[in-house]
Amino acid sequence: MMRLTRDTTATQKLAALEVALGRLRRDFGRWQVPWGEVNRFQRISPAIDHPFSDAAPSIPVPFAAGVYGSLASFGSAPKTLTKRWYGTSGNSFVAVVEFGKRVRARAVTAGGESGDPASRHFNDQMEAYASGSLREVYFYPDQLVGHVERSYRPGE
């Protein structure tokens, strides 16, 4: 990225800006477009090659790709037949862990824990991911009380 700024002329930079402004005007009707209106998180399918649609629900994400220095990395790009940019790379899981007498942690998962669109856990962490809100991670049996939906013991 630094090479692009160093090895391009002022004329080339201005031409690139004009292209970007033209695309914003074409796709959004104006050039003054909030980043969150362009940069979006969308999870509408369990497919590996995820379909994207401007007509389907999505949420704004304030993050940028890690190559730009964003620690909460979110790589997005325009997709076929979309005006918005949808994320397809970056941090799928973020955690902060404190080691001591008892391990403590907070984390978030992009989207949710389930790959089943019918599950309430398919997108239940989407808003928390986009806002950077981390949830408590449970390590010990006493922490699990009231938070377990179901349990099983392999082999039983």
Specify the residue that is modelled with the lowest pLDDT; the eligible residues are those in the range 71-102 that are buried (at least 16 other Cβ atoms within 10 Å of the Cβ) and assigned to a loop (DSSP other than H, G, I, E, B). Ala72
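Return the residue satisfying two criteria in turn: it lies in the range 7-48 and is of a type in the set (Phe, Trp, Tyr) and surrounded by 14 or more Cβ atoms within 10 Å (Cβ to Cβ), and of such residues it is farthest from Gly111 (Cα to Cα).
So in the range 7-48, the residues of a type in the set (Phe, Trp, Tyr) come out as 28, 31, 35, 41.
Narrowing the set further to residues that are surrounded by 14 or more Cβ atoms within 10 Å (Cβ to Cβ) leaves 28, 41.
Working: Phe28: 26, Phe41: 8 Å.
Going through the qualifying residues, I end up with Phe28.
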How many residues are under 21 Å from Glu98 (Cα atoms) and without any contact (Cβ under 8 Å) to a residue 24 or more places away in the chain when one looks only at the range 116-144? 6
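Can you tell me how many residues within the range 121-146 are open to solvent by 90 Å² or more (accessible area, probe 1.4 Å) and more than 17 Å from Pro57 (Cα to Cα)?
The first filter runs over the range 121-146 and keeps only residues open to solvent by 90 Å² or more (accessible area, probe 1.4 Å), leaving 127, 139, 141-142, 145.
Still in the list and also more than 17 Å from Pro57 (Cα to Cα): 139, 141-142, 145.
Result for the range 121-146: 4.
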Could you check, for the range 103-120, whether at least one of its residues is among the basic types (Lys, Arg), out of contact with any Phe, Trp or Tyr (no Cβ under 7 Å at 6 or more places or on another chain), assigned to a loop (DSSP other than H, G, I, E, B) and open to solvent by 80 Å² or more (accessible area, probe 1.4 Å)? yes
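The values are calculated or read from the model by the stated rules, or taken from the named source; none is laboratory data. All values reported here derive from a predicted model rather than from experimental measurement. All Cβ positions, glycine included, derive from the backbone under ideal geometry; neighbour counts span all protein chains shown. Areas reflect the complete protein model, heavy atoms only, side chains present, ligands, DNA and RNA absent. Shrake-Rupley method; radii C 1.70, N 1.55, O 1.52, S 1.80 Å.
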